[in-house]
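Q: This is the structure I have questions about; it appears just below.
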């Protein structure tokens, strides 16, 4: 349905303000709420903006599905700016525990104090909480979001004996890459069916070239060549590559070219070597680079 670019621009990075949420013992330990003041660049492709806004208005959580580097994270940043809500982003991983999300007691000096986790901080602040690559988290950790993602809209903070009710301004968004889905890493139906789901993918060539030119700072012809290279690599998905070159990688290559690196060298570093370590595959990718540039 949609694609943008996740590579941050200097303007976007400079426009973020991180502020600790309300009552926390130490600002250094507090989860950070990111306020995005300047509009992030995002190119809507379908109705994803309208669907997300409608979900937010009806207090429904959102599930974003799509390949790596196609614009899911940038889209959430754009929507946080558009809806004027702070954003809390969590990169999920195998060791992510419920305490990592909800919070824990810590000893600071001679005191034992409670420190909210990023999910709790987002709920209290009425922020957008984005759990990136949710399937990477442990299944017993994912369960904690269930009461937040249905009509109850509450977060159980068991260690404090507290139920935190989510205000209307809070929204939960999660993402994952179906291309990496396996028997061991998939979203259970009991989780999936709580969410409004949106499909994301790489945009068509003309649109993607415009994104690469804008984000990478290169001319239109160079952007078209980079997109052609990306399309060629995507033909090898499942035939030597787990994923082809993402829009993000193409922007990286464009940024190197814009910095004065020769196109072939830029594509080798940002695309070919980033996609594979296999000698045969990298040789094939090098041939593609030479064919395009």
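Q: Could you check, for segment 237-246, whether at least one of its residues is assigned to a loop (DSSP other than H, G, I, E, B), touching a strand residue (DSSP E or B) at 6+ places or on another chain (Cβ under 7 Å) and farther than 11 Å from residue 216 by Cα?
A: yes
Q: Condition test on residue 172, is it at negative phi, touching a helix residue (DSSP H, G or I) at 6+ places or on another chain (Cβ under 6 Å), surrounded by 19 or more Cβ atoms within 10 Å (Cβ to Cβ) and not in a loop (DSSP other than H, G, I, E, B)? Steps first, answer last, please.
A: Values: at negative phi: yes; touching a helix residue (DSSP H, G or I) at 6+ places or on another chain (Cβ under 6 Å): yes; surrounded by 19 or more Cβ atoms within 10 Å (Cβ to Cβ): yes; not in a loop (DSSP other than H, G, I, E, B): yes.
For residue 172, the condition - at negative phi, touching a helix residue (DSSP H, G or I) at 6+ places or on another chain (Cβ under 6 Å), surrounded by 19 or more Cβ atoms within 10 Å (Cβ to Cβ) and not in a loop (DSSP other than H, G, I, E, B) - is met.
Q: Which one of 45, 36 is in contact with a strand residue (DSSP E or B) (Cβ under 9 Å, 6 or more places away or on another chain), farther than 24 Å from residue 169 by Cα and modelled with pLDDT of 50 or more?
A: 45 is the lone residue from the list that is in contact with a strand residue (DSSP E or B) (Cβ under 9 Å, 6 or more places away or on another chain), farther than 24 Å from residue 169 by Cα and modelled with pLDDT of 50 or more.
Q: Quick one: in segment 95-111, of everything that is part of a loop (DSSP other than H, G, I, E, B) and at pLDDT 90 or above, which residue is farthest from residue 143 (Cα to Cα)?
A: 95
Listed here are the residues, each with its yes/no results for (1) crowded, with 18+ Cβ neighbours inside 10 Å; (2) more than 30 Å from residue 46 (Cα to Cα); (3) in the same structural domain as residue 62 (by TED's automatic domain parsing); (4) touching a residue at least 60 places away in the same chain (Cβ under 8 Å).
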| site | (1), (2), (3), (4) |
| --- | --- |
| 222 | yes, no, no, no |
| 225 | yes, no, no, yes |
| 236 | yes, no, no, no |
| 249 | yes, no, no, yes |
| 265 | no, yes, no, no |
| 269 | no, yes, no, no |
| 277 | no, yes, no, no |
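Q: Would you point out the residue of segment 59-83, among those that are out of contact with any strand residue (DSSP E or B) (no Cβ under 9 Å at 6 or more places or on another chain) and surrounded by fewer than 23 Cβ atoms within 10 Å (Cβ to Cβ), that is nearest to residue 167 (Cα to Cα)?
A: 82
Q: Here's another thing I want to ask about it. Quick check on this structure: which one of 205, 253 is modelled with pLDDT of 95 or more and surrounded by fewer than 20 Cβ atoms within 10 Å (Cβ to Cβ)?
A: Sole residue among the options that is modelled with pLDDT of 95 or more and surrounded by fewer than 20 Cβ atoms within 10 Å (Cβ to Cβ): 205.
Q: Taking segment 84-115, which residues are in contact with a helix residue (DSSP H, G or I) (Cβ under 7 Å, 6 or more places away or on another chain) and under 16 Å from residue 172 (Cβ atoms)?
A: Result: 86, 87, 88, 90, 92, 96, 98, 101, 102.
The values are calculated or read from the model by the stated rules, or taken from the named source; none is laboratory data. Note that the structure is a prediction, hence the values are computed from the model and not measured. We place every Cβ from the backbone using ideal geometry, glycine too, and count neighbours over all the protein chains shown.
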